[in-house]
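One structure below.
Where a number appears in this text, it was derived from the coordinates with a stated rule and is not lab data. None of these values were measured; they are calculated from a predicted model. FYI the Cβ positions are ideal-geometry reconstructions off the backbone, even for glycines, and counts take in every protein chain you see.
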Amino acid sequence: MRIVHVTSELAPYSQTGGLAQVAGALPDALAGLDGGAHDVLVLSPLYRTVRRALAERDARLGSLRTTRTVAFGGKSHRVDFLPLALPTGVQVCFLDCPALYDREGIYGGVEGEFADNAERFSVLCRASLDAASELMGAMPDVFHCHDWPTGLLPLMLREQEGEKATRPHSIFTVHNLAFLGCFPKGLMSDAGLPWSSFTSHGLEFYDQVSMLKAGIAFADVTTTVSVSYADEIRTPEFGCHLDGFLRYDCPRLIGIRNGIDVDAWDPNRDAHLAAPYTSEHLAGKAICREALLAESGWPPACKDLLIGVVSRLANQKGLDLVAELVPELHELGARLVLVGDGDANLEERFAWLARTFRDNLSITLGFDVALSHRVFAGADAFLMPSRFEPCGLGQMVAMRYGTIPVVHAVGGLRDTVQDPEEGPMLAEGGNGFAFESADVASLRVAVRRAAQMHRERPAEWSQLMHRGMSADWSWSESARAYLDLYFDVQAS
């Protein structure tokens, strides 16, 4: 099987969220299946941040593999494909087009979204499609396209000349339906797209082009990153005005849960931690907890429930609910360590709360990789009250580190966190705490229950820790599901 992944983000070189983590880990997992029998190619833009990340890792791009010239709106762009050798056997090529990609930011800068994003990602799709066969040495079997920036590729693929049976197939993965990739309909002419596709059953969305809708409409199969999210986006509550389209025009919509990189997230080998530990030998976690308390300016012997949050500060992530709860943390017997950045109003609000409730809240504004690892390891519980969450990686990382998730039961959080409730559920696979309504009252109840179990029933808390740490959160099962899907699509 020859598989091409096309993505606008690729960890650890360019990333704004979970998309990059998936695009970085899934191809490696696929390449490791069946004794390395499958060829995997990853194509992604060469942003300025990629060059910096390569320099930090003392990694160099190889010699030019090929070049393509892509027309857009009367202009022509030269795109060079530069390879990066990886030990996993995955081929990675970055698309070098300085006029489009050599700038600060991936989708935008301090003044907002880049005005030419339609052009930037149309060129990504066209150039990737045109060069893939040469880069692989044979025609690919499947193009796997990730989120709205790659949504035009399935349509471009369908417009290629040749018999349908001999063309590559396409899989389109929706990582977050909220980002529709909408642009003025002049994009149709600029990108050379057929106007026949500009319909309510195609890529038209309120008289604009939605790149994400294009991917769903013209791919052979659409996937989402969890089973529950695939169901949720067919409803008005979570469908972002596409729920009817998804119900009636997208018969093949499949949820496959993301995994995490279990080598990158391993408490026994994590260089960022004060001490290593495993599920069988947890002494190191106690040391990590004491270190995190001290780093936060609190007594290392503190017995309160120590809650961690590593998140983008946004209402979608439920961080406004967390802010409302902060004044009650002392009464709940809990302390909170928060790392993240995002919405300016939330940043200002948490900064004020940290000054006012310094005995119960410690914040670090900005993203600190090493600190995030220390929070996952040192906290007792990990809070994810997202209003919607396509999959979520933080809850799986937390459980890998023996840190109990407290989540809003939605999307991938519902799929991965089973609430023990009281008593009997504990013996039936419980591994965390969940609440059904995205409001501060429900969040308060969940945090209170977690704090009570942590304080009063340590043996049960220990069971939750071991259950989370012993579960398989790797990509192995999900990668196999994707590979089976590729073969199924090829055979259909």
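Most tightly packed first, judged by the mean number of other beta-carbon atoms within 10 Å of their residues, the peptides 188-196, 203-211 read 203-211, 188-196.
Could you name the lysines whose alpha carbon sits less than 22 Å from that of K303, not counting residues in the same chain fewer than 8 places away? Filter leaves K285.
Restricting the calculation to Cα atoms, region 283-470 shows an Rg/Rh of 0.92 when the hydrodynamic-style radius is the Kirkwood one.
For the pair region 170-204 and region 90-124, the centres of their Cα atoms are 18 angstrom apart. Do the sum for the chain: with -39,500 (n - 2.57) for every DSSP H run of n ≥ 4, divided by all residues, what is the mean residue ellipticity at 222 nm, to the nearest 500 deg cm²/dmol? Estimated from H runs of four or more residues: -11000 deg cm²/dmol. Ranked for footprinting exposure by Cβ neighbours inside 10 Å, fewest first, C93, C145, C182 give C182, C93, C145. Summary of packing: across the peptides 439-446, 213-220, the per-residue average of other C-beta atoms within 10 Å ranks them, highest first, as 213-220, 439-446.
Panel order for H373, H281, H272, by other beta carbons found within 10 Å of each beta carbon, from fewest to most: H281, H272, H373.
What's the Cα-based Rg to Rh of the chain, Rh via Kirkwood? My calculation puts Rg/Rh at 0.98.
Restricting to the chain, compute how many DSSP beta bridges are antiparallel as a %, nearest 5.
If I count the DSSP bridges inside the chain, around 30 percent turn out antiparallel.
Going from the fewest other Cβ atoms within 10 Å to the most, the residues V339, V310 appear in the order V339, V310.
Separation of region 258-282 and region 383-399, taken as the distance between their Cα centroids, equals 18 angstrom.
Across region 73-90, coupling constants 3J(HN,Hα) worked out from phi with the 6.51/-1.76/1.60 Karplus curve, θ = phi - 60°, read x, x, 10, 10, 10, 7, 10, 9, 9, 10, x, 10, 7, 10, x, 7, x, 6 Hz, and Gly and Pro carry x.
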